[in-house]
Amino acid sequence: MVSGGVVFESVLGIDYHTSLLIVASVTIIYTLFGGFLAVSWTDVVQGSVMMLALLLVPTFALAEVGGLSASFDEIRSIDPNLLDIFRGVSVIGIIGSLAWGLGYFGQPHIIVRFMAMRTARDAKPAAGLV
């Protein structure tokens with residue numbers, strides 16, 4: 001809410017406290033009328049945008065530099081060792097990288113979704129296990 005107030009203040013020139021009240025009001029109204037379903041749909045849209053960006057940004061970046069082989073040639077010209085994916089890697093490093101990518105099971109945004117379930121039987125379908 002604070003960041004929303006700052007954005008409104010700097011972009012629209014509205015007083016910070018007024019901006020904060022606007023952001024809080026919109027959030028409360030959005031939650032009251034849309035509830036948890038609206039939040040879930042927002043998560044779907046945000047996830048889709050991130051997935052699209054994850055696919056498009058590398059595609060356009062590779063196209064800009066002349067393709068995958070041109071990228072590898074440029075990297076090789078800087079330092080050939082940069083293309084050795086096993087250089088300086090340990091088992092602990094691999095496990096750490098996997099843990100970083102997968103996250104941990106107690107993340108607040110995941111826990112909240114499970115806390116919102118009506119019964120414990122809803123957990124399997126929500127997790128995609130059914």
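The condition of being within 25 Å of residue 65 (Cβ to Cβ), basic (Lys, Arg), at pLDDT 75 or above and in a loop (DSSP other than H, G, I, E, B) holds for only one of 87, 118, that being 87. Listed by first and then second residue, the pairs linking a residue in region 70-91 that is surrounded by 11 or more Cβ atoms within 10 Å (Cβ to Cβ) to a residue that is part of a loop (DSSP other than H, G, I, E, B) and at pLDDT 90 or above, with Cβ atoms under 9 Å apart and 6 or more places separating them unless they lie on different chains, are 73/66; 74/66.
Would a scan of region 52-67 turn up a residue that is within 30 Å of residue 9 (Cα to Cα), in a helix (DSSP H, G or I) and without any contact (Cβ under 8 Å) to a residue 12 or more places away in the chain? Yes - at least one qualifying residue is present in region 52-67.
Within region 30-39, does at least one residue satisfy the condition of being of a type in the set (A, V, I, L, M, F, W, C), touching a residue at least 24 places away in the same chain (Cβ under 8 Å) and closer than 30 Å to residue 117 by Cβ? Checking region 30-39: at least one residue is of a type in the set (A, V, I, L, M, F, W, C), touching a residue at least 24 places away in the same chain (Cβ under 8 Å) and closer than 30 Å to residue 117 by Cβ.
Look at residue 34 and say whether it is surrounded by 10 or more Cβ atoms within 10 Å (Cβ to Cβ) and at pLDDT 90 or above. Spelling it out, it is not the case that residue 34 is surrounded by 10 or more Cβ atoms within 10 Å (Cβ to Cβ) and at pLDDT 90 or above.
Only one of the numbered conditions (1) on the phi < 0 side of the Ramachandran plot; (2) surrounded by 10 or more Cβ atoms within 10 Å (Cβ to Cβ); (3) modelled with pLDDT of 90 or more is not met by residue 110, and that is (3). If a residue must be small (Gly, Ala, Ser), under 17 Å from residue 110 (Cα atoms) and at pLDDT 85 or above, how many such residues does region 37-69 contain? The total comes to 1.
With respect to being surrounded by 10 or more Cβ atoms within 10 Å (Cβ to Cβ) and closer than 17 Å to residue 112 by Cα, residue 24 falls outside the description. Here residue 57 passes the criteria (1) surrounded by 11 or more Cβ atoms within 10 Å (Cβ to Cβ); (2) at negative phi except the one numbered (1).
The values are calculated or read from the model by the stated rules, or taken from the named source; none is laboratory data. None of these values were measured; they are calculated from a predicted model. Virtual Cβ from ideal backbone geometry, glycine too; neighbours counted across all protein chains shown.
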